[in-house]
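Everything below concerns the one structure shown next.
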Amino acid sequence: MSYYVTTPIYYVNAAPHLGHAYTTIAADVMARHMRQRGEEVFFLTGTDEHGEPVAQAAERAGVSPRELADRNAQRFKDLAPLLEVSNDFFIRTSDLPHVQRVQDVLQTVYDNGHVYKGLYEGWYCPRCADFKSGTEIGPDNTCPIHGIPLEWEHEENWFFRLSEFQKPLEDLFDRRPDFVAPRARYNEARAFIDQGLQDVSLTRAKLTWGVPVPWDDSQVFYVWFDALLNYYTALSYADSGRDLTDTFWPATYHLIGKDILKFHSIYWPALLMAAEIEPPQHLYVHGFLLQEGQKMSKSLGNVIDPIQVVDTYGADALRHYLLRDVTFGQDGSVSTTAFESRYESELANEYGNLASRTIAMVHRYRDGVVPRADLDPSLNGDLEIAQHVSALVDKADLTAALETIWQSVRRLNRYVEEQAPWQLARDDSQSAALDTVLRSLIEGLRVLTVLLHAYLPAATERVLTALDQPRTDYAAAAYGAGEGGSGLGALEPLFPKR
Ligand code: MSP
């Protein structure tokens, strides 16, 4: 099976912050997990470089939009490996093949009769690059997301006949109740459709920083249409010489934040239908990371720097914290205190300590060789969780999947206490029992480590190396798939005190 997961492409009007790292990390967990299951995976992230948000930021910085884009795209690109993110390609919407492909697709939409010339008049937020109406307009005509005054726009544009897609979108939502998840977001998108869809501007006249409209050189495409198409265009040139579209389209999952639901759940499938391209399979909408009750964002100035966190604690710690402390799919507060507490109580004291003490006991009591004993069947239920974990990841329920694994980490720590190997070791008649306990603990640790691999790629790699059982494929996540008899290496503390 092929599996294609994407993140939104990030505006290059500012440097990356924790909110961007969040979506990218989540997508990475899904991609890594699916690779473990042997699926053919394509994982895309990248930058959104055209349009007003970038043009205005460049003007403020006194540089050209291209200079600003080059500078900031590089920062997003460099962030991925720091977060242990394994994307297969990084798209920039200023890539020439993307620009050409956007023109091709939108020319088809035009040729199919879904575009007309009209006059746009209404409120516009240059930071969202969004035309606002109804409940999207805050008090005194401000943007409810950015808190800045909206601008009254009045210009001649080409329009996309979104209204024609009212019925096809209703059908899509009826046919596919899992098109948008979680359910509350499906309902929100559905309510937007039910209000009645109006045609939308497809082009902008005032702006030059964008993809030129092939049938009218006085206009560029409205940045959202150019941006949304990245998910589709990337497949045509990501792997030079090979077009991956047939293999990976339609995308399995577009992960998005809740702020960009309307574009992805309504404009995007409508546009694809207009171009006679199949809509994606699923959109998964996550919530906001909040600080002091507000969306964390560069413009609000309340940012935790992911690079600093990773520098001090490592990527695994950030990955764990974000997917564990904030339920994926809902809003959640983030703070340094909560981060440090998860690091210490869970990563260091629970998983880290389980790994180090289990390995240390085999060194101490069995000269570092895992006994070839039977496994303790009382742990079966706690360790045969791979299928359940996969079912949750299939639904992008990443916090529940991690919680399932973590319950078993805790169970194994309790098992150590209950069995007290240090007491068994004092009594020669308990030698067989000690063999079973040690072998079961090592095997349990190995299974949970394989399951945690998608979340904590660096730490789990070290544990599997120390266990001398490097397999990370999903079949290896079965209790009993590992062998006794392996000689253990040393394991430095996985999550040292900071
Ligand atoms: N460029 C558009 C997306 C185009 S996709 C075809 C855009 N870019 S953005 O950089 O402003 O934000 C992109 C995404 O970053 C958000 O949808 C969300 O996924 C993530 N986040 C940005 N701030 C966030 C939080 N405070 N919390 C969680 N995610 C946030 O919109």
Practice task
Using R₀ = 41 Å, calculate the FRET efficiency as 1/(1 + (r/R₀)^6) where r is the Cβ-Cβ separation of GLU403 and ALA432; round to 0.05.
Solution key: 0.70
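Below 8 Å between Cα atoms, with a sequence gap of 6+, how large is the relative contact order for region 106-152 in percent?
Details: 42 pairs, mean separation 14.7, N = 47.
Taking the mean separation of contacting Cα pairs over the length of region 106-152, I get 31 percent.
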Practice task
Would you grab the residues whose amide H sits under 5 Å from the one on GLY329? Only those 5+ places off in sequence or on another chain, please, with H modelled 1.01 Å from N.
Solution key: GLY287
Problem - Cross-link reach list, lysines versus LYS77, counting only Cα pairs under 29 Å and skipping chain neighbours closer than eight places - result: LYS258, LYS262, LYS295, LYS298, LYS395
Fill in the blank from the handout: For TYR120, other-chain or 5+-apart residues with amide H closer than 5 Å (H placed, Pro excluded) are GLU155, GLU156, ASN157
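Please compute the Kirkwood hydrodynamic radius over region 335-477, one decimal place, Å, based on all pairs of different Cα atoms. Spell out each step's value before the answer.
Details: mean 1/r = 0.0635 Å⁻¹.
After inverting the pairwise mean of 1/r, the radius is 15.8 Å.
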Exercise for the section: Provide the per-residue ³J(HN,Hα) series for region 413-420, in order, calculated from phi with Karplus coefficients 6.51, -1.76, 1.60 and θ = phi - 60°, each as a whole number of Hz, with x at glycine and proline positions. Expected result: 5, 5, 4, 4, 4, 4, 7, 6
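For region 1-129, state the average projected area of the convex hull of the C-alpha atoms over all orientations, rounded to one decimal in nm².
On the way: hull surface 41.4 nm².
Average of the hull's projected areas for region 1-129 equals 10.4 nm².
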Completion exercise
The relative contact order of region 2-310, taking Cα pairs under 8 Å that sit 6 or more residues apart, comes to a percentage of 22 percent
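Taking the mean number of other Cβ atoms within 10 Å as a proxy for protection, how do you rank 449-455, 489-495 from highest to lowest?
Packing order, densest peptide first, comes out as 449-455, 489-495.
Give the peptides 192-204, 425-437, 8-20 in descending order of average Cβ contacts within 10 Å, highest first.
On the way: 192-204: 18.3, 425-437: 14.7, 8-20: 22.4.
For the peptides 192-204, 425-437, 8-20, the packing ranking is 8-20, 192-204, 425-437.
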Practice task
Report the far tail of the P(r) of region 73-118, meaning the percent of Cα-Cα pairs longer than 18 Å.
Solution key: 52 percent
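What share of the DSSP beta bridges in the chain is antiparallel, in percent to the nearest 5?
On the way: 24 of 46 bridges.
Looking only at bridges with both residues in the chain, the antiparallel portion is about 50 percent.
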Completion exercise
Loop-resident trypsin sites (Lys or Arg not before Pro) in region 344-387 with no more than 12 other Cβ atoms inside 10 Å, DSSP not H/G/I/E/B, are ARG372
Handout entry: Under 15 Å, Cβ to Cβ, from GLU492 - net charge with Lys/Arg +1 and Asp/Glu -1
Key = +2
Handout entry: Set of aspartates and glutamates near LYS132 by C-alpha distance (under 14 Å), chain-local residues within fewer than 8 positions excluded
Key = GLU121, ASP140, GLU151, GLU153, ASP199, ASP259
Fill in the blank from the handout: Taking only Cα atoms of the chain, the Rg to Rh ratio with Kirkwood Rh works out at 1.04
Handout entry: Share, in percent, of DSSP beta bridges within region 10-142 that are antiparallel, nearest 5
Key = 35 percent
Practice task
Show the residues, 5+ positions off or on another chain, whose built amide H is closer than 5 Å to the amide H of SER486.
Solution key: VAL370
Practice task
Would you mind checking region 205-239 for residues with the amide N under 19 Å from a putative spin-label position 7 Å along Cα→C-beta of GLN198?
Solution key: 205, 222-225
Problem - Residue-normalised accessible area of the chain, given per residue in Å² at a 1.4 Å probe - result: 40 Å²
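How large is the Rg to Rh ratio of region 126-273 when both quantities use alpha carbon positions and Rh follows Kirkwood?
Details: Rg = 16.6 Å, Rh = 17.1 Å.
Radius of gyration over Kirkwood radius for region 126-273 works out to 0.97.
Within 12 Å, Cβ to Cβ, of TYR110, how many net charges do the neighbouring residues add up to if Lys/Arg are +1 and Asp/Glu are -1?
Numbers: positive: LYS117, ARG161; negative: ASP104, ASP111, ASP216.
It works out to a net charge of -1.
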Completion exercise
Scalar couplings 3J(HN,Hα) for region 470-478 by Karplus 6.51 cos²θ - 1.76 cosθ + 1.60 (θ = phi - 60°), nearest whole Hz, x for Gly and Pro, are x, 4, 10, 5, 5, 4, 6, 8, 9
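The values are calculated or read from the model by the stated rules, or taken from the named source; none is laboratory data. Not measured: the values here are computed from a predicted model. Ideal geometry is used to build each Cβ from the backbone, glycine not excepted, and the neighbour counts take in all protein chains shown. With ligands, DNA and RNA removed, areas are computed over all heavy atoms of the protein, side chains included. Shrake-Rupley method; radii C 1.70, N 1.55, O 1.52, S 1.80 Å.
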